[in-house]
Amino acid sequence: MIKVKVSLRPIVSKINLPTVLKTTILPGDSIERLFIATQVGEIFYIGNGVIKTFLDIRPRVIKLGASSGGYDERGLLGLAFHPEFFYNGLFYLHYSIAGTQGPGALPKPFKPNPCDPRTLNLRWINRETQYDHIDTVEEWILLSNGQSQKRRTLLNLRRPFLNHNGVNSLNFSPETGKLVLTTGDGGSGYDPFNLSQDDMEIAGKIIEIDVDKNTFFYDLPVVSRFNELPAPIQETLTVIAKGVRNIPGISYQRLYNQYIKYVGNVGQDLVESIFSFVHYKPIPVTQLIQAYLMKSEPDQEGFINFGWRGWEGAFPASIISSCSVNPNLDEKTIAYYNEAVKTSVRRLQPLTCYFHKEPRPDKYGGTALTGVQAYMGNGIPELTGSVVFTDLARNEESQPPVRGVLAYTKVRTDCKLNDFSVIETDYNFGTQSAYYVSLGTNLDQTRLYLGVFGSMKVTDFNQGTVYEIVREL
């Protein structure tokens, strides 16, 4: 693939960790503004070169980093503007609710043992007390006086662990006009309760919400399963995909009269994966519940399954341990052989994968996928029509300080696994670490924005910078 070199142009710096980068046109305005949502609960926008506060929900967001040494995967995770935002002022938030801290679903870290069936068949029990926190998806409205207020709650989700809640988790589908929510598998590691493959579990899915259905519930229950929702809420939901580990958003690329959908699935210990699909057959939640009640299998022809927890991208999910006879080598054991077999023909093959340990000199060892965006602009012609993705940090311990990495690939017409190429950047971060935490684009996907943070700890404030990715100067 063509070697691409880019420059990073700083837009705003000394902000908190930027989780979402989106553009929209404010009511009464004439140009697109870049909006930046931070993990701690602020939403800013850039107007005439000045950063302005759009909304601050920090008091509503759970206290971050207290139980995990500053690292956290909760907070303000999703922001999406209604396609008619310019006229109706509606926008949507996904965040972890203040005051909902629980003890977690398991007393200690989890690792499956293929020789111990107890570890392969765990169930999440006592959910009302054994959970980590509660996430919410809400509809808000921008009023004519410039203030915003919450209109209604769409979902309240009980989450078993601190991690894998999704990030950049809200978008609108240009095909259906519905709000798309990408939920992670609930966290820990290796999906202990196999929530991602269970049709009744909200965790580990890509869900469409019909926000145009007028469902106002003033006391919406906190749930973790679809069948716990009130019937009118069930009727607003369809499921596009399952087998999700954790997704940094969904991106739509228009090609003639159809859209290619791109999603990345964050890996466990082996591989990070980017998937693409055009055609799919979503399943209404009411149908899933009906099949569950009838103890039958819903028709899943055309339904998207990314394969987790049986598969990690193109490979059976594996437990990696050092070889006893040679500590320099790894031993890989299939974690869930039966599930890998069960989902082997149902799962979607990835578009491309990259590895945590990478022997090829022109690639990189990755840590965690943090953004996937289609690019349709001409400003960087070598990238036109491609999908760009970013990883948190190069897994090359011999070269501190830490650096994230950008890369790209393209869809192959034969739908086979494709290669990818590193995008080289000329920016000098100095001695500061530079974790690449988010990737965004404007409305017509002609510009790319990169969120960078100087620390792995969300509690290290004001270490964030947002850049525009431009052609090398």
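In table form, for the structure just shown:
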read-out: Average accessible surface area per residue within the chain, 1.4 Å rolling probe, Å²; value: 43
read-out: The chain, helix-only ellipticity at 222 nm - DSSP H runs n ≥ 4, -39,500 (n - 2.57), divided by all residues, nearest 500; value: -1000 deg cm²/dmol
read-out: Cα centroid separation, segment 44-98 to segment 428-446 (Å); value: 18
read-out: Within the accessible area of the chain (1.4 Å probe), percent carbon and sulfur; value: 51
read-out: Spacing of the two label points (7 Å from each Cα toward its C-beta) at Ala66 and Glu228, in nm; value: 2.3
read-out: Cα-based shape type of the chain, given that a ≥ b ≥ c are square roots of the gyration tensor eigenvalues and the cut on a/c is 1.5; value: rounded
read-out: Gain in span if fully extended, Leu293 to Arg412, counting 0.36 nm per residue against the direct Cα distance; value: 38.8 nm
read-out: All-pairs Cα distance distribution in segment 207-294, expressed in whole percent, bin size 10 Å; value: 14, 36, 33, 16, 1
read-out: Radius, Kirkwood style, for segment 124-267 when every pair of distinct Cα atoms is counted (Å); value: 16.0
read-out: For Gly70, net neighbour charge (Lys/Arg +1, Asp/Glu -1) across residues whose Cβ lies under 14 Å away; value: 0
read-out: Distant alpha-carbon pairs in segment 123-189 (separation over 21 angstrom), percent; value: 41
read-out: Net charge, Asp444 excluded, C-beta distance under 10 Å - Lys, Arg +1, Asp, Glu -1; value: +1
read-out: Mean Cβ neighbour count within 10 Å, used as a protection proxy, ranking 126-137, 220-231 highest first; value: 126-137, 220-231
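The values are calculated or read from the model by the stated rules, or taken from the named source; none is laboratory data. It should be emphasised that the depicted structure is a prediction, and the values quoted were computed from it without experimental measurement. Backbone-built Cβ (ideal geometry, glycine too); neighbour counts: all protein chains shown. Accessible surface areas use protein heavy atoms only, side chains included; no ligands, DNA or RNA. Shrake-Rupley method; radii C 1.70, N 1.55, O 1.52, S 1.80 Å.
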